[in-house]
Amino acid sequence: AKSDLLDGLLTESGFRDAKNNTDEDYIQSGKQLLLRIRLVETVGNKDSGIPSVAAKEQSIALQRILQASVGPTDSQSTISVIWNLRDNVKYVQNLMNWLLDLIESFKNILNWTSPQKTYPIYFSLLAIWLITIIVPGRIIILVIGLYQFLAVLIPPPKSNTMSVKFQNLLSSIPNDDDIEEVYAAERKQFDEEKKRKLNDVVNNRKMDLCLTTLWKGTVQIKYSGSVGIVSNTGLTTSVDWTEVILFLQGTRLVWWLSEADLDLHNCKEPMGQLLLCGHTGLTQPSPIDVKQFVDDSRLIAVFGKDALAQQRKVTILCKDSSSKRSLCTLIDQVIKANGA
């Protein structure tokens, strides 16, 4: 079909017939035209198939021209603003966060948060202050003015190292959030200790209102036999060490198991007591107790009468040696005052 068409077009009759026919039907009926098209790339690297930089720039420029000529519609512009609002808010928030961190770091560098970085700054300020006192102000102004004129003769530094060092200095100083996070555990422990001390003071004042005591404290106590209060349940007895709250009231040692037993609205009977009257006084603790606690620096042995006027001995283990000395001194004073 291709050869017949070419032969018909190349002959004079064929050329005349094609000339007389319209553009739509100049090809004779029953003839077909077969075209082979080859696309040739004119820009970029033909071997790699990757467009060149110039081609990319031309494509970007053409895209911008098309966007500028068409322009977004009102609906598209409103949706785009709303859609990008979240990103803009995040950007502003991050910017404010960075600015506040910078201000807090600058504040902390002056309040001895990092002493090894704070004292050079104060020494520098002190040196500048001394220079302004010793050197006249007109000379300092003259030197600054000459530097502005002679700056062209001074070779500029390769990089602005001072600003970089100052930025690194501020970045190394923790801000308030960092300090709060680092000292959170210590602050919690301090608050708990402060609360505990306040509760101890309140409880001690409450006990002073309820009981007039010469000495009070938490100790461990051991006694043989019965030194308890007579009650429906019998007499309390202890052969092992028991932690109690001990009071020295006048001429008796009395103790409760816990502070809850001393509540104003539900005060319980004492767990035990020892009367410092008659044949009473201080004695040496047993060798077994001394061996158990290495020495007798915290041990006190007191003998006196129990609730049934029977002679008993009580061994007390204080928290420290100073508590032992104060309790021993008061017991001696009570015994001497009563002529025991």
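See the values below:
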read-out: Rounded accessible area of residue 240 (nearest 10 Å², 1.4 Å probe); value: 100
read-out: Cβ-based net charge around residue 276, under 14 Å, with every Lys or Arg adding one and every Asp or Glu removing one; value: +3
read-out: List 101, 178, ordered by accessible area with a 1.4 Å probe, largest first; value: 178, 101
read-out: Nearest-10 value in Å² for the accessible area of residue 132, using the 1.4 Å probe; value: 80
read-out: Solvent-accessible ranking of 256, 129, largest area first, probe 1.4 Å; value: 129, 256
read-out: Accessible area, probe 1.4 Å, largest first, for residues 78, 242; value: 78, 242
read-out: For the range 77-132 and the range 249-305, distance of Cα centres in Å; value: 63
read-out: Under Karplus coefficients 6.51, -1.76 and 1.60, residue-wise ³J(HN,Hα) of the range 243-251 in Hz, glycine/proline x; value: 7, 9, 9, 9, 10, 10, 10, x, 10
read-out: Theoretical FRET efficiency, 1/(1+(r/R0)^6), r = Cβ-Cβ of residue 198 and residue 328, R0 25 Å, to 0.05; value: 0.25
read-out: Area of residue 201 that stays accessible when all protein chains are in place (1.4 Å probe, Å², to 10); value: 70
read-out: Subset of 194/222; 216/336; 291/319; 313/336 violating a 22 Å alpha-carbon distance limit; value: 194/222
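The values are calculated or read from the model by the stated rules, or taken from the named source; none is laboratory data. As the structure is a prediction and not an experimental result, all values here were calculated from the model. Backbone-built Cβ (ideal geometry, glycine too); neighbour counts: all protein chains shown. Remember, those area values only see protein heavy atoms, side chains included, never the ligands or the DNA or RNA. Shrake-Rupley method; radii C 1.70, N 1.55, O 1.52, S 1.80 Å.
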